[in-house]
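Have a look at the structure below, then the notes.
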Amino acid sequence: MIQWIALTFGIVLNAAANILLKMAARHAQEMDSGAHLLVKLFLNPYLFTGILSFGLALGAYSYSLTRFPLSVGYPLMTSLGLIIVSLFSYFVFAEQFSAGKIAGTVLIILGVLLVARSA
């Protein structure tokens, strides 16, 4: 059971890290260009929190791999992360979903269900 909790934390933290980096990048677009841009970017709380989330995700995912085969952990990590990021991007960042992206996401969900059942 603990391996599922660790994998879930890894997936959620990895998705959160990517979302936070996108938020940092959006914030950076509003900043002045030049030398001050790098300083302001590195002091951006979204960037700092995103990097921290990546580190925590790595720890949780690494632990889960001590209990799961890589052939199960990796597909779940990447595919569920993609679904979380895609949904967040649609609802928060107003990114568009094409018919192909929707169909692909549905296929990914079906694949996740098949992989999870084999674990």
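For the condition farther than 16 Å from Ala116 by Cβ and modelled with pLDDT of 95 or more, what is the one hit in Thr49, Thr8? Steps first, answer last, please.
Details: Thr8 fails: farther than 16 Å from Ala116 by Cβ.
Only one candidate qualifies: Thr49.
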Criterion violated by Gly73 - all others in (1) closer than 23 Å to Gly10 by Cβ; (2) out of contact with any helix residue (DSSP H, G or I) (no Cβ under 6 Å at 6 or more places or on another chain) satisfied: (2)
Candidate set from the stretch 40-73 (those that are among the β-branched types (Val, Ile, Thr) and farther than 12 Å from Leu20 by Cβ); member that is farthest from the chain's Cα centre (by Cα): Thr66
Residue tally, condition free of Cβ contacts under 8 Å to residues at least 60 places away in the same chain and surrounded by 13 or more Cβ atoms within 10 Å (Cβ to Cβ), over the stretch 42-71: 17
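Got a sec? Which helices (runs of 4 or more DSSP H) wholly within the stretch 20-98 have at least 1 residues that are closer than 30 Å to Met1 by Cβ and among the aliphatic types (A, V, I, L, M)?
Values: elements: 35-42, 45-65, 70-91.
In the stretch 20-98, 45-65, 70-91 are the helices (runs of 4 or more DSSP H) which contain 1 or more residues that are closer than 30 Å to Met1 by Cβ and among the aliphatic types (A, V, I, L, M).
The values are calculated or read from the model by the stated rules, or taken from the named source; none is laboratory data. This is a predicted model, so every value here is computed, not measured. Cβ: placed from backbone, ideal geometry, glycine included. Neighbour counts: every protein chain shown.
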